[in-house]
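Reviewing the structure listed below.
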Protein chains: 2
Amino acid sequence: MDKVRFGIIGLGNQGNNYTTKFIDGQIENGVLSALCDINPVKIDAMKKKEGIPEDVVYFTDYKEMLHSGLVDAVLVETPHYDHPEMVKECLKRNIHVICDKPAGVYTKQVREMNEFAKTQKARFAMMFNQRTNCVYRKMREMIAGGEIGELQRVNWIITDWFRTQYYYDSGSWRATWEGEGGGVLINQCPHQIDLVQWIVGEMPQTVRGFCQYGKWHDIEVEDEVTAFFTYKNGATGVFITTTGEAPGTNRLEISGSKGKLLCEKNKLFFYKNEVDTFVHSNTSQKGFGKPKCEIIEVETDGKNEQHVGIMNNFANAILGLEEQFVAGTDGINGVELMNAIELSGWNNGEEIVLPIDEERYLKELNEKRKTSKLKIVNDGKVEDTSNSFGTN
Amino acid sequence: MDKVRFGIIGLGNQGNNYTTKFIDGQIENGVLSALCDINPVKIDAMKKKEGIPEDVVYFTDYKEMLHSGLVDAVLVETPHYDHPEMVKECLKRNIHVICDKPAGVYTKQVREMNEFAKTQKARFAMMFNQRTNCVYRKMREMIAGGEIGELQRVNWIITDWFRTQYYYDSGSWRATWEGEGGGVLINQCPHQIDLVQWIVGEMPQTVRGFCQYGKWHDIEVEDEVTAFFTYKNGATGVFITTTGEAPGTNRLEISGSKGKLLCEKNKLFFYKNEVDTFVHSNTSQKGFGKPKCEIIEVETDGKNEQHVGIMNNFANAILGLEEQFVAGTDGINGVELMNAIELSGWNNGEEIVLPIDEERYLKELNEKRKTSKLKIVNDGKVEDTSNSFGTN
């Protein structure tokens, strides 16, 4: 094939965004060929979208789209619970698939998806667009390369996910256990939840979550979270997020024995110790005084291609032109971390040891779903989300 | 009296520092008249100190000093457990007293001290020198004045209290349950523990502490702490400290519905929302987009007189020249907060509801003290601590 023919399942805010990227010609080796939504109102709205190619074919049943022979690859942009099933339906038809975050709502469904994916030939990627950000890639590279020495502490304050009550009222599935399977963790924060383990290069061993449900909004799920992690070597981590604060903060700090990485306002600084802190502590003949430290603004390759980067890479990987950047099976780590925070939150900050007990999580989630209240709203509406991805 | 005659009990690092301030003439209305330490080695060292006045009288028994008629006021610079008893001994002789931090090791002794102090006429202050810092005073003033609106979140990363193993090996009482009654919380961090409640203007209602004991050093007490607070209105807080990291961080952020205060590198910024976040959230007809926000570098009076400020203020208050800045009885809040974090840490992160159960805390502390190992070291040594007070 010359160009990869893409279909999109789910024409909400995200489906719309991706459509625009095709229309704008941002996907060099990809072309939009089909669009699908179970809601005809959203299909009608899409047909009126400026610049939409006339030869795009519309479906209300995604399996019909998969059967149509019109798509080589699919973007899954539907409610979270449906992701694993739809990914499997694509893969088993040898159709490549990019799944938007999260990979699923609970690890059991994601694990099963991953096990299935490993038996299939078609490509599977997660839309972890934030992994394309040069500062995060650089942090991961530096940590993996031993530049910060032994891991001591991780701290991410990511509280700039502000949402209005109007936002929550705008979709029946939003911010419900039954519709989304969670709140800020599963909707706004999956990127940072993924990044925090991808950059550090390992998952925590224990997780505590202090979640507050409907704290700042009239919703049933959590809109504020403070999580506490411990890692294999005893290092600790704190992860804080909310949709209730403005302007909020996005500040990631990772400390090690050889220095500290600080990422803020899309800049990366390395506080580089001349001598390893542990060596200094154990050999100094003075009680006070730290190793000499140089503050370096770290140079990166400057690339931050986000969603377009993931889509171009995926199309190129299908065409054999480059390596695939994000493995689809990677999505399980973020889901496990979210699940662990949520499970702890439901149980008064209980220490959850990873790997999570997937059956327990699903059981407790299903209890929440039983009393979940889906809202009745006009689901045909689509919003401009271009200002929704955080301040930096 | 023309000038207040000061005595100092305890000639370790801190006692030495204060002596220097008198020698240097930094205490306008105070004069150094007596020095006391139970260790003659430290007295001998002091006698050789350059610039020490010839008429200073030395004691090895502090009660003899109090009886001598040579002192109007005293600085208590002894191990923590002794603070409340010594304060009471001063006050009951109508001798004014500044107690160095912490007010004591456990709330029971501090409460008893405070109750006694309220019946006495002599003045009692805590050496909360960090309260003199213009940025902290300004933050307290702005919050009390409603400028940040409703409290949403408190976050203090105060990890720049690095200490070497040599430091811990330099005093037999250091970093032991029996000698100090705790680690980084009670020795390095009492200022920030005091400030975090003084600036916010209220104590948390619940406290969790995740403490790691001897994590970075060969000591029995905690040298790393992550604490999680909840406040009366549901706001949350995180407080992180350690003596194991270099260079460490000192960053205090307090968010409210009208904006965010950020204190870093001794500068104060106000992220001021044009509209209250809650009002915006509940009235906006858009899902995304925050209130407009202006970033202002806050002007302060620029004064940051630290220990000298507290000492001058105390002398002047005794002479009736100004109001006393820090009430001695204020010390109990920090002790209660430390105790709650420690108690939670001993009990696997248990949620501690304030006010703390003082009998339970003392009982569990005494259990630790039973197996505490005092170290055998040369206690005559005194160190230059001028670089020990954090980076900003």
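Which pairs, out of A:42/B:290; A:3/A:101; A:92/A:368; B:3/B:48; B:258/B:292; A:215/A:373, put more than 21 Å between their alpha-carbon atoms? The pairs that break the limit, which is 21 Å between Cα atoms, are A:42/B:290; A:3/A:101; A:92/A:368; B:3/B:48.
With θ taken as phi - 60° and the Karplus curve 6.51 cos²θ - 1.76 cosθ + 1.60 applied, the whole-hertz 3J(HN,Hα) list for segment A:152-169 is 10, 7, 10, 9, 10, 9, 10, 10, 9, 9, 4, 9, 8, 4, 4, 4, 5, 7 Hz, x standing for glycine and proline. Annotation: amide H of residue B:125 within the under-5 Å range of B:97, B:98, B:99, B:328, sequence separation 5 or more or interchain, hydrogens built in the peptide plane. Each residue, residue A:85 and residue B:28, gets one label point 7 Å from its Cα in the Cβ direction; the gap between the two is 7.8 nm.
At q = 0.14, 0.16 Å⁻¹ the log10 of I(q)/I(0) for segment A:272-351 amounts to -0.87, -0.85, computed by Debye summation with a single uniform scatterer per C-alpha, solvent ignored.
Considering only the other residues whose Cβ falls under 11 Å of the Cβ of residue A:331, what net charge follows from Lys and Arg at +1 and Asp and Glu at -1? It would help to have the intermediate numbers written out before the result.
Details: positive: A:101, A:111; negative: A:100, A:194, A:330, A:336.
Once positives and negatives cancel, what remains is -2.
Within a Cβ distance under 10 Å of residue B:133, other residues only, what is the Lys/Arg minus Asp/Glu net charge? That works out to +3.
Is segment B:42-141 best put as rounded, prolate or oblate by its Cα gyration tensor, with a ≥ b ≥ c the root eigenvalues, rounded for a/c under 1.5, and otherwise prolate when a/b is larger than b/c, oblate when not? List each step's numbers first, then the result.
Numbers: a/c = 1.92, a/b = 1.29, b/c = 1.49.
Oblate is the answer for segment B:42-141, as a/c is 1.5 or above yet b/c matches or exceeds a/b.
Peptide A:157-169 shows a mean partner chain C-beta count of 5 within 10 Å per residue C-beta. With label points set 7 Å from Cα along Cα→Cβ, the inter-copy distances at residue B:373 are 5.9 nm, sorted shortest first.
In whole percent, what relative contact order does chain B give with Cα contacts below 8 Å and a gap of six or more residues?
Working: 828 pairs, mean separation 80.7, N = 392.
Relative contact order of chain B: 21 percent.
Computed from label points 7 Å out along Cα-Cβ, the spacing between residue A:373 and residue A:41 is 2.1 nm.
By the Cα gyration tensor, the protein assembly as shown has an equivalent ellipsoid whose semi-axes, rounded to whole angstrom, run 58, 25, 23 from largest to smallest. When each of the peptides A:118-125, B:46-53 is scored by how many other beta carbons lie within 10 Å of its residues on average, the order from highest to lowest is A:118-125, B:46-53. Adding -39500 (n - 2.57) for every DSSP H run of four residues or longer, then dividing by how many residues chain B holds, sets the calculated 222 nm ellipticity at -9000 deg cm²/dmol. Taken about its Cα centre, the protein assembly as shown carries a charge dipole of about 0 debye when Lys and Arg each add +1 at the Cβ and Asp and Glu each add -1 at the Cβ.
Evaluated at 4 °C with a viscosity of 1.567 mPa s, what Stokes-Einstein diffusion coefficient in µm²/s does segment A:116-218 have when Rh comes from the Kirkwood expression over alpha-carbon pairs? Show your work: numbers first, answer last.
Numbers: Rh = 16.6 Å.
Approximately 78 µm²/s, per Stokes-Einstein.
Between the listed residues A:233, A:324, A:300, the Cα displaced farthest toward the positive end of the dipole of segment A:214-325, a dipole computed from Cβ unit charges relative to the Cα centre, is found at A:233. Distances from residue B:214 to itself in the other copies, using label points 7 Å out along the Cα-Cβ axis, amount to 4.9 nm in increasing order. Projected label points at residue A:50 and residue B:233, each 7 Å from Cα along the beta carbon direction, are separated by 4.4 nanometres. Shielding by partners for peptide B:277-285, expressed as the average number of C-beta atoms from other protein chains within 10 Å of each residue's C-beta, is 5.
Take the Cα of residue B:202, go 7 Å toward its beta carbon, and the backbone nitrogen atoms of segment B:230-251 under 13 Å from that spot belong to B:230-237.
Compute the long axis of helix A:331-346 from its Cα atoms, compare it with the longest principal axis of the Cα atoms of chain A, and write down the angle in degrees, 0 to 90, nearest 10. Compared with the principal axis, the helix lies near 70 degrees.
Quickly rank A:180-192, B:3-15 as a protection proxy: mean count of other C-beta atoms within 10 Å, highest first. Provide the component values of the computation, followed by the final result.
Details: A:180-192: 25.4, B:3-15: 23.1.
Descending mean neighbour count gives A:180-192, B:3-15.
Taking every residue in B:346-355, how many Cβ atoms of other protein chains lie within 10 Å of its Cβ, on average? Counting other chains' Cβ atoms within 10 Å and averaging over B:346-355 gives 1. For segment B:1-85, the Cα gyration tensor yields ellipsoid semi-axes of 18, 15, 12 Å (square root of five times each eigenvalue, largest first, whole Å).
Computed over chain B, the P(r) curve from all C-alpha pair distances, binned at 20 Å from the origin, holds 27, 57, 15, 1 percent per bin. DSSP beta bridges fully contained in the protein assembly as shown are about 60 percent antiparallel. Taking a ≥ b ≥ c as the square roots of the Cα gyration tensor eigenvalues, with a/c under 1.5 meaning rounded and otherwise prolate when a/b beats b/c, else oblate, which class fits segment A:209-314? Oblate. Note on chain A: dipole from Cβ charges, positive end direction compared against A:107, A:25, A:139; the farthest Cα belongs to A:139. A compact globular protein would have a Cα radius of gyration near 2.2 N^0.38 Å; the ratio found for segment B:170-271 is 1.20.
Please work out the FRET efficiency for the pair residue A:296 and residue B:266, using the Cβ-Cβ distance as r and a Förster radius of 22 Å; give the result to the nearest 0.05.
Working: r = 22 Å, r/R0 = 1.00.
Using R0 = 22 Å, I get an efficiency of 0.50.
With its label point defined 7 Å out from Cα along the Cα-to-Cβ axis, residue B:63 lies at 9.1 nm from the matching points of the other copies, in increasing order. Whole-percent P(r), segment B:128-172, all Cα pairs, 10 Å bins from 0: 19, 34, 24, 15, 8. Helix A:134-144 and the longest principal axis of the Cα set of chain A meet at an angle near 50°.
Read-outs: derived from the displayed coordinates by stated rules, not from any lab. Quantities reported herein were computed from a predicted structural model and do not represent experimental measurements. Positions of Cβ are generated from backbone atoms using ideal geometry, with glycine treated the same way; all protein chains shown enter the neighbour counts.
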